[in-house]
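Colleague: What follows is a single structure, and I will ask about it in a moment.
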Amino acid sequence: MEIKKGIPVSPGFVVREAFVLDSEEVRIPQRFIAPADIDREIERFTNALGVARAEIQEMRNQATESVGPEYGAIFDFHKAILDDRQLRKEVEARIRNNKFTAEYAVSRALRKQAKSLGSVENPFFSQRVDDIYDIEKRILRSLIGERRESIKDLENEVIVIARNLTPSQTAGLEKTKVVGFATDSGGRTSHTAIVARALGIPAVVGIGSITSDVSGGDTVIVDGTNGLVIIGPDERTLEKYKTLERDFKEFQRKLVTLLDMPAETLDGYRIKLMANIEFPEEVDSALSAGANGVGLYRTEFLFTDKTKPDEDTQFRAYRDALKKMGDRPVVIRTLDLGADKAPGDIALIREANPFLGCRSIRYCLQHIDILKTQLRAMLRASLFGNLKIMLPMISSVDEVRRTKVILSDVMEELREQSVSFNPDVEVGVMIEVPSAALTVDILAREVDFLSIGTNDLIQYSLAVDRVNERVAELYQPVHPAILRLVREVILSGKRYGIEVAMCGEMCAEVIYTILLLGMGLDVFSVTPVNIPEVKKVIRSVAMREARETAEVVMHLSDAKSAEAFLRARTHKIVPWLA
Ligand code: PEP
Ligand code: MG
């Protein structure tokens, strides 16, 4: 049994056989042969090796002729592998001893080689991994011939294992048969993550080497709640996850009944449950999850293509989202470019500390043309729904004042051009830098709402890079420092009579729901897929209990004790919390 850790991007549990998707979409299921067929199977393998050798020789000759002998020599590695007696012996042993089909035996043996080469910290060896895959494909092509199974006509439910799903691969998926994803690369915003969330199936991405560790037909577990992929689980693990899969499905089935119910505590305290979205198509997911609005619309997606989006492109994207959401609020954030949000075409100067550099509102205030274009697009779209504008990474009130002056200029320009817009559009700021949290009383007097961005607030307050796995242990949402800052922001909002939301991932994790409720948070903004679970927790507690929980946690001296306490508290409502 092997346990791999990755980034959880779509929750749930699933145990199935793996479907390893490579660029040619060939599937190698684990199949067995009868003892009487062993010799015939070994002969098939020997013939396939011969065909592969002949093909390589042909390619070598062509390359030498057309480009030169050095280029032809590239194929020497392929030849060496195909001539390797050890490999041949290993495949034959797997056929003879395990009664594997030749296809499966080849796939297993070569993937083992690819894995051991990939683990050597030397670029020469790691680059050879692709060559091994190439050889695998070549032998399999010859073996499988017409017997190839296509991803389009799957018979059984499978977990798709891929390097990273491309949009065209997704288009070809038999969606009713794909019940989980695990990929080598990708992050929260990768295509795989978005597709998995839209399909509502568990997914873990960014695992690193899953395609070389798994062969088609292997039994695999995807734990999309905790970011784990388990290969070849033992009996106990298998049973545990089969139960989790069943219970989770049952829980989700019941969650559907919550769809039209308010996010309200047992004693009738109403919470606004909003959606965080990054792509226009996620507006639909927000609506079908029953969101009360969009609490954070990240606009960076518009800026990662080859060209800078013009005003009309932006206007259309914002207008469409606003129209779909009707009179529900849609909080659109101005460009938060830089650091972890890499641009496509906009040249950012290399900086030693990009997280502390010219990112986000700082970048916009240095590139006023970009900011003005975005504000114009937002204001024009403001007529189509309930728009609110949010400014990210504010570290002092000057930035708010300067941005508001620019907003007034843009309004003036629009008036002069007789372009209509809503002049009373609300403007709020994100509280994601400690200096903003500590001066929240000053900021609260200048804006219409606040939204706590814990992803950055934790990073900046605890001095822990949010994307560095080496310090991930220190990234603690319930560190006493974070809790004090969050409480101060919530209290200030109430003191100045403005709404305080939270849009960082902290409020999407159900173990913190009761705590945040008890601290007085009224607006939770989470990815659409997390809405039902968070709602379920809100509807399972009374405000009095939540306040008591918060009181206990606020007095704990360290994050580990707080986590353990909250986990035990929430476990009663959401039983599969790890
Ligand atoms: C945050 O920092 O908490 C946040 C919501 O913004 P982002 O994750 O986009 O930086
Ligand atoms: Mg942020």
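Colleague: Pairs of Cα atoms under 8 Å, at least six residues apart: use those to get the relative contact order of region 35-144, whole percent.
Modeller: For region 35-144, the relative contact order is 31 percent.
Colleague: Which one, Ser209, Leu515, Leu49, is farthest towards the positive end of the dipole of the chain when Lys and Arg carry +1 and Asp and Glu -1 on their Cβ?
Modeller: Result: Leu515, furthest along the dipole toward the positive end.
Colleague: Among the listed pairs Lys535/Lys572; Lys324/Lys388; Lys272/Lys404; Lys115/Lys242; Lys112/Lys242, which have their C-alpha atoms separated by more than 25 angstrom in this model?
Modeller: Those over the limit are Lys272/Lys404; Lys115/Lys242; Lys112/Lys242.
Colleague: Hey, another quick one. Which value, in debye to the nearest 20, gives the size of the charge dipole of the chain about its Cα centre, when Lys and Arg are +1 and Asp and Glu are -1 at the Cβ?
Modeller: Here the size comes out at about 960 debye.
Colleague: Mind jotting down the three principal axis lengths of region 35-144 based on Cα atoms? Whole angstrom, largest first.
Modeller: Taking max minus min along each principal axis of the Cα atoms, region 35-144 gives 48, 32, 21 Å.
Colleague: Which length gain, in nm to one decimal place, applies between Phe77 and Ile38 when the Cα-Cα distance is subtracted from 0.36 nm times their residue separation?
Modeller: Full extension from Phe77 to Ile38 adds 11.1 nm.
Colleague: Please give the contour-minus-distance gain from Ala352 to Arg253: 0.36 nm per residue of separation, less the Cα-Cα distance, rounded to one decimal in nm.
Modeller: This chain segment gains 30.7 nm when fully extended.
Colleague: In addition: Sorting check: for 281-290, 416-425, which peptide has the highest mean count of neighbouring beta carbons within 10 Å, and how do the rest follow?
Modeller: 281-290, 416-425
Colleague: For the chain, what does -39500 (n - 2.57) per DSSP helix run (n ≥ 4), summed and divided by total residues, give at 222 nm, in deg cm²/dmol to the nearest 500?
Modeller: -14500 deg cm²/dmol
Colleague: Under a point-charge model restricted to the Cβ atoms of Lys and Arg (+1) and Asp and Glu (-1), what is the dipole moment magnitude of region 361-498 relative to its Cα centre, in debye to the nearest 20?
Modeller: Dipole magnitude for region 361-498 comes out near 200 debye.
Colleague: Compute the relative contact order of the chain as a whole-number percentage, counting only Cα pairs closer than 8 Å that sit 6 or more residues apart in sequence.
Modeller: In percent, rounded to a whole number, it is 14.
Colleague: Something else now. May I ask you to sort Val14, Val467 by Cβ crowding, counting other Cβ atoms within 10 Å and putting the fewest first?
Modeller: Val467, Val14
Colleague: Sticking with this structure for a sec: Stick to Cα atoms and the Kirkwood definition of Rh, then tell me Rg/Rh for the chain.
Modeller: My calculation of the ratio gives 1.03.
Colleague: Sorted by packing (mean other beta-carbon atoms within 10 Å per residue), highest first, where do 555-562, 222-229 land?
Modeller: Sorting 555-562, 222-229 by mean packing, highest first, produces 222-229, 555-562.
Colleague: Okay, next question. Could you run the Debye sum over the Cα atoms of region 191-294, one equal point scatterer each and no solvent, and tell me log10 of I(q)/I(0) at q = 0.13, 0.15, 0.16 Å⁻¹, two decimals?
Modeller: Log10 of I(q)/I(0), two decimals: -0.67, -0.84, -0.91.
Colleague: Arranged from highest to lowest average of other beta-carbon atoms within 10 Å per residue, in what order do the peptides 535-545, 245-255 appear?
Modeller: Ranking, from highest mean packing down: 535-545, 245-255.
Colleague: If you don't mind, another one. Does a label point 7 Å from the Cα of Ser561, set along Cα-to-beta-carbon, have any residues of region 504-524 with amide nitrogen under 11 Å, and which are they?
Modeller: So the set is empty, nothing qualifies.
Colleague: Which one, Met274, Ile394, Val120, is farthest towards the positive end of the dipole of the chain when Lys and Arg carry +1 and Asp and Glu -1 on their Cβ?
Modeller: Toward the positive end, the furthest listed residue is Met274.
Read the figures in this text as sums done on the coordinates, not as results from a lab. Being a predicted model, the structure only gives us computed values, none of them experimental. With ideal geometry, Cβ positions are generated from the backbone for all residues, glycine too; neighbour counts draw on all protein chains shown.
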